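Encoded as structure tokens, the structure appears first; notes follow it.
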Amino acid sequence: MFRVEDKYLCTEIQMFLLERRIEAMLSADSNQLQNGYCITSVYFDDSSNSCFYDSQAGHYIRQKYRIRIYNANILS
């Protein structure tokens, strides 16, 4: 599975306007907490940090191994 993740800088006004446009088209799903999602991620790499260095180098095709937990407080 491939995905594209682009990041953009926004002013506070641009962000406010973008959020209003998105809210007009989408609704929150039933798993959302009062203030959004709580997401905990644990990433794994090999002893040479290959995943990290591939990411830093901007390699388009790379592997990422992670465990992601939503809306669970596993640290308490």
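The values are calculated or read from the model by the stated rules, or taken from the named source; none is laboratory data. In this text the structure is predicted, and so the values were computed from the model without any measurement. For neighbour counting, all protein chains shown are included, and Cβ atoms are generated from backbone atoms with ideal geometry for every residue, glycine included. Only protein heavy atoms, including side chains, enter the accessible area calculation; ligands, DNA and RNA are left aside. Shrake-Rupley method; radii C 1.70, N 1.55, O 1.52, S 1.80 Å.
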query: Magnitude of the Cβ-charge dipole of the chain, K/R +1 and D/E -1, about the Cα centre, nearest 20 debye?
result: 100
- request: Kindly provide the helix-only [θ] at 222 nm of the chain, computed as the sum of -39,500 (n - 2.57) over DSSP H runs of four or more divided by all residues, to the nearest 500 deg cm²/dmol?
  value: -8000 deg cm²/dmol
statement: If the chain between ASN35 and TYR60 were fully extended at 0.36 nm per residue, the gain over the current Cα-Cα distance would be 5.7 nm
message: With a 1.4 Å probe and all protein chains kept in place, how do ASP54, ASP29 rank by accessible area, largest first?
response: ASP29, ASP54
query: Can you give the angle from 0 to 90° between the axis of helix 12-25 and the longest principal axis of the chain, with both taken from C-alpha atoms, to the nearest 10?
result: 80
